[in-house]
1. Could you work out the helix-only [θ] at 222 nm for the chain, with each DSSP H run of four or more residues adding -39,500 (n - 2.57) and the total divided by the number of residues, to the nearest 500 deg cm²/dmol?
2. Relative contact order for the chain: what is it in percent, counting Cα pairs under 8 Å that are at least 6 residues apart?
3. Through the Karplus equation 6.51 cos²θ - 1.76 cosθ + 1.60, θ set to phi - 60°, convert the phi angles of the range 28-41 into ³J(HN,Hα) values in whole Hz; use x for Gly and Pro.
4. Using only the Cα atoms of the chain, build the gyration tensor, take square roots of its eigenvalues as a ≥ b ≥ c, and label the shape rounded, prolate or oblate: rounded if a/c is under 1.5, else prolate if a/b is larger than b/c, else oblate.
5. Could you tell me the center-to-center distance, by alpha carbons, between the range 31-57 and the range 62-130 in angstrom?
6. What list of ³J(HN,Hα) values in whole Hz, one per residue of the range 84-90 in order, does the Karplus curve 6.51 cos²θ - 1.76 cosθ + 1.60 (θ = phi - 60°) give from phi, with Gly and Pro shown as x?
7. Starting with the highest mean, order 53-63, 10-20, 94-104 by the number of other Cβ atoms within 10 Å, averaged over the residues of each peptide.
8. Per-residue HN-Hα couplings for the range 11-24, Karplus 6.51 cos²θ - 1.76 cosθ + 1.60 at θ = phi - 60°, whole Hz, x for Gly and Pro?
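Read-outs throughout are calculated quantities, based only on the coordinates presented, and are distinct from any laboratory measurement. Everything numeric in this text was worked out from a predicted model, so none of it was measured. Cβ atoms come from the backbone with ideal geometry, glycine included; neighbour counts cover every protein chain shown.
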Amino acid sequence: MNCPIGKASQLSGVGIETIRYYEREGITPKPDRTAAGRRDYDTQSIARLRFVKRCRELGFSIADIKILLNLSHSDSKTCEEAGAIGVSNLELVRSKIADLKRMETALTELVASCHKGQQDCPMLQELFSD
């Protein structure tokens with residue numbers, strides 16, 4: 001089953017402009033074109049788009065996705081290599097979570113200092129402070 005970019009977008013859950021971006025960046029190959037010059041996506045291309053979408057949802061970088069894609073189509077693919085990329089991404093996610101928790105604590109303290117009807121806002125003063 002081949003389909004145009006709009007249908008490929010619908011089937012993969014990836015936006016049309018994002019599909020075009022992935023093609024420009026070499027993440028997905030440029031599809032064949034119809035006689036009218038329109039992109040023509042096959043089931044393999046749609047599966048690849050879904051793979052990339054899942055990777056992006058998990059926070060993998062474009063560079064890591066390219067490596068994972070190469071591993072998935074390699075005769076010498078190893079779970080160890082893919083796992084190392086996964087571990088690295090997991091560490092990055094955990095770091096981001098720690099940063100978000102620090103931000104949550106700081107914002108909780110700032111918001112708690114605000115009181116209805118108060119003229120001088122301690123939160124704004126704190127945000128402007130050195």
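1. Details: 6 runs with 84 residues, N = 130.
The helix-only estimate for the chain comes to -21000 deg cm²/dmol at 222 nm.
2. Details: 78 pairs, mean separation 22.3, N = 130.
Value for the chain: 17 percent.
3. Those phi angles translate into 10, x, 5, x, 4, 10, 6, 4, 7, x, 8, 5, 10, 9 Hz.
4. It comes out oblate by the Cα gyration axes.
5. So the separation of the two Cα centres works out to 30 Å.
6. 5, 5, x, 4, 4, 5, 4
7. Highest-to-lowest ranking by the protection proxy: 10-20, 53-63, 94-104.
8. 6, 8, x, 9, x, 4, 5, 5, 4, 4, 4, 4, 5, 4
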